[in-house]
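> For reference, the structure I am asking about is given below.
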Amino acid sequence: MSTEPRAKPASDRFLWLFALAWAGGAVAYVPFLTILLPLRVVATTGDRSVLVLGLITFFGAVAASVGNIAFGWLSDRSGTRRPWVAAGLALSCAILVAIPIAQGAWQILAMVVCWQLALNMMLGPLSAWAADREVE
């Protein structure tokens, strides 16, 4: 007999809200990373924009990978997902709004790394939340 807790059944409401939350997460990063960030980097760094965008992409990807795993694990350890998702949503929105304040390459890089961590504070636990439910 297994001592693992049984997953709660996923209601239709949960599945729709989960899909909406995941779509919102994608909307948070796709336009930013593919359109707005490159425009901001070109505007602030000029001739060095390809190098700077490469560095931002690399360090942002590392932060996203580490953050996703770490925040999924932390939400496991805390026993709840909702506060992590809410905090990640609030922080990622705040950082996105603050990106125009960044003036140089290092400031943009730091803000993108922080934003990736915040975004994955939302997405890591959100992914794990799906595993907490079973489809009937």
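> Out of everything in segment 12-59 that is in contact with a helix residue (DSSP H, G or I) (Cβ under 9 Å, 6 or more places away or on another chain) and among the polar types (S, T, N, Q), what residue ends up being nearest to Ala102 (Cα to Cα)?
Here the answer is Thr44.
> Only helices (runs of 4 or more DSSP H) wholly contained in segment 22-136 count here; list those with 3 or more residues that are touching a Gly at 6+ places or on another chain (Cβ under 7 Å) and either surrounded by 14 or more Cβ atoms within 10 Å (Cβ to Cβ) or modelled with pLDDT under 95 (or both). It would help to see each step written out before you state the result.
Values: elements: 37-45, 49-78, 82-98, 105-131.
Hits in segment 22-136: 49-78, 105-131.
> So if I check each of Leu109, Leu20, Leu119, which one is under 30 Å from Pro9 (Cα atoms), in contact with a Phe, Trp or Tyr (Cβ under 9 Å, 6 or more places away or on another chain) and either without any contact (Cβ under 8 Å) to a residue 24 or more places away in the chain or not aromatic (Phe, Trp, Tyr) (or both)? Quick ask: steps written out before the conclusion?
Working: Leu109 fails: under 30 Å from Pro9 (Cα atoms); Leu20 fails: in contact with a Phe, Trp or Tyr (Cβ under 9 Å, 6 or more places away or on another chain).
From the options Leu109, Leu20, Leu119, the qualifying one is Leu119.
> For Ser11, state whether it is without any contact (Cβ under 8 Å) to a residue 40 or more places away in the chain, surrounded by 15 or more Cβ atoms within 10 Å (Cβ to Cβ) and over 14 Å from Leu123 (Cα atoms). Step through it out loud before you land on a result.
Numbers: without any contact (Cβ under 8 Å) to a residue 40 or more places away in the chain: yes; surrounded by 15 or more Cβ atoms within 10 Å (Cβ to Cβ): no; over 14 Å from Leu123 (Cα atoms): yes.
No; evaluated as a whole, the condition is false for this residue.
The values are calculated or read from the model by the stated rules, or taken from the named source; none is laboratory data. Keep in mind that what you see is a predicted model, and the values were worked out from it rather than measured. Every residue, glycine among them, receives a Cβ derived from its backbone with ideal geometry; neighbour counts consider all protein chains shown.
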